[in-house]
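Okay, structure first, notes after.
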Amino acid sequence: MKIIQTLTFVKAVKKLHASQKKDLDQAVRTIAADPLIGERKAGDLSGVFEFKFKMTKQLTLLAYSYEEGVITLTLLALGGHENFYRDLKRH
């Protein structure tokens with residue numbers, strides 16, 4: 001499976017500490033094992049999945065898209081719930 005990271009996602013990851021990156025890596029492995037595990041969004045965000053996980057005891061949202069024919073997982077955004085969807089709509 002090919003995993004692509006958007007620029008927004010890369011910038012968010014750069015700000016994380018090592019322990020947070022371990023939690024994120026585990027979440028990405030979980031999604032890669034079963035890409036349909038996340039909740040499919042509707043409306044403006046159709047085609048986007050959202051996966052919720054704990055990063056250092058704080059709920060974190062990971063937005064991604066999945067193309068089955070090409071088997072590509074695109075990591076779109078990472079962050080807390082506040083303004084997450086508003087910022088995601090901009091991209």
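The values are calculated or read from the model by the stated rules, or taken from the named source; none is laboratory data. Please read all numbers here as calculations on a predicted model, not as lab measurements. Note that we place each Cβ from the backbone using ideal geometry, even for glycine, and neighbour counts take in every protein chain shown. Areas reflect the complete protein model, heavy atoms only, side chains present, ligands, DNA and RNA absent. Shrake-Rupley method; radii C 1.70, N 1.55, O 1.52, S 1.80 Å.
General remarks:
- In the chain, a dipole from Cβ-located charges (positive for Lys and Arg, negative for Asp and Glu) runs towards its positive end, and of Val28, Gly43, Ile71 it is Val28 whose Cα lies farthest in that direction.
- Ligands, DNA and RNA are left out, and with a 1.4 angstrom probe the accessible area of the chain is 65 Å² per residue.
- Counting only the Cα atoms, the chain fills a convex hull of 95 Å³ per residue.
- Accessible surface of the chain, 1.4 Å probe, proportion on carbon and sulfur as whole %: 51 percent
- For the range 23-66: rounded, prolate or oblate by the Cα gyration tensor [a/c cutoff 1.5]: oblate
- Charge dipole magnitude, Cβ of K and R +1, D and E -1 - the chain, Cα centre, debye nearest 20: 400 debye
- Computed magnitude of the charge dipole of the range 43-91 (debye, nearest 20; Cβ of K, R +1, Cβ of D, E -1): 280 debye
- Residues of type lysines that Lys52 reaches as a straight line, Cα spacing below 16 Å, ignoring anything fewer than 8 places off in the same chain: Lys21, Lys22, Lys41
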